[in-house]
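Down below is the structure, laid out as structure tokens.
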Amino acid sequence: MLQDVERVLISEAEMQKRIREMGAQISQDYEGKDLVVVGILKGAALFCSDLFRSITIPVELDFMRISSYGASTKSTGVHRVLLDLDYSLEDKHVLIVEDIVDTGLTIKFLLGYLGQRHPASLRTATLLDKPSRRKPEAAVPIDYRGFEVPDEFVCGNGLDYAEKYRNLRDIVILKPSVYSK
Ligand code: PRP
């Protein structure tokens, strides 16, 4: 697996430091509020577990899984909810946790979908943000951002290429030979 890595973009240590900072900020911002952290599977599972443990106030954890209908619909923003939250969000402060915001279409969909359930507030956190890829119609607010990344193929800490490399501890850039096969 390591032979497929071209270079490390963000080291595990750098990432963990930033995640602790994000957790401290979230703990401060939501003090005294009924917070639910919602990780979006599968990519955000690893970041979400680290961020969750960095939060020092009472907080609930849940997960959703969303799929877009095949490669072509990634650009149209048509999404299907594969795993949903099955309780009321009224009076709850909801924080959506993503591993990466790319075109922004997934987070835009989630903001609309969960917003219909009238949570007390609805915000977004992402480990990685790739703003150069954002679709103009998905210029959604990112409230907590770990790192801005360039438009390169990044993997590791939950992010995959063809379902592999999620277990790499660093955020890496793969050798072009891996994805041009
Ligand atoms: C990735 C990522 C986000 C989405 C971001 O999920 O986890 O959910 O794509 O892309 P967007 O901003 O262009 O919508 P993916 O569909 O690859 O599924 P996974 O998390 O299971 O790997």
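The values are calculated or read from the model by the stated rules, or taken from the named source; none is laboratory data. This is a predicted model, so every value here is computed, not measured. Here the Cβ is made from the backbone with ideal geometry for all residues, glycine too, and neighbour counts use every protein chain on show.
Couple of notes before you dig in:
- Selection of the stretch 1-25 for residues being β-branched (V, I, T) and assigned to a helix (DSSP H, G or I) yields only I19.
- Only one of the numbered conditions (1) part of a helix (DSSP H, G or I); (2) within 16 Å of the ligand (Cβ to nearest atom) is violated by Q28, and that is (2).
- Per this entry, D151 is counted among residues that are touching a helix residue (DSSP H, G or I) at 6+ places or on another chain (Cβ under 6 Å) and modelled with pLDDT under 95.
- Of V178, V172, all but one fail to be touching a Gly at 6+ places or on another chain (Cβ under 8 Å), more than 12 Å from the ligand (Cβ to nearest atom) and over 23 Å from V37 (Cα atoms); the exception is V172.
- Against the test of being acidic (D, E), buried (at least 17 other Cβ atoms within 10 Å of the Cβ) and within 13 Å of the ligand (Cβ to nearest atom), the options D99, D50 yield a single qualifying residue, D99.
- Taken over the stretch 17-57, residues that are out of contact with any Gly (no Cβ under 8 Å at 6 or more places or on another chain) and among the basic types (K, R) amount to 3.
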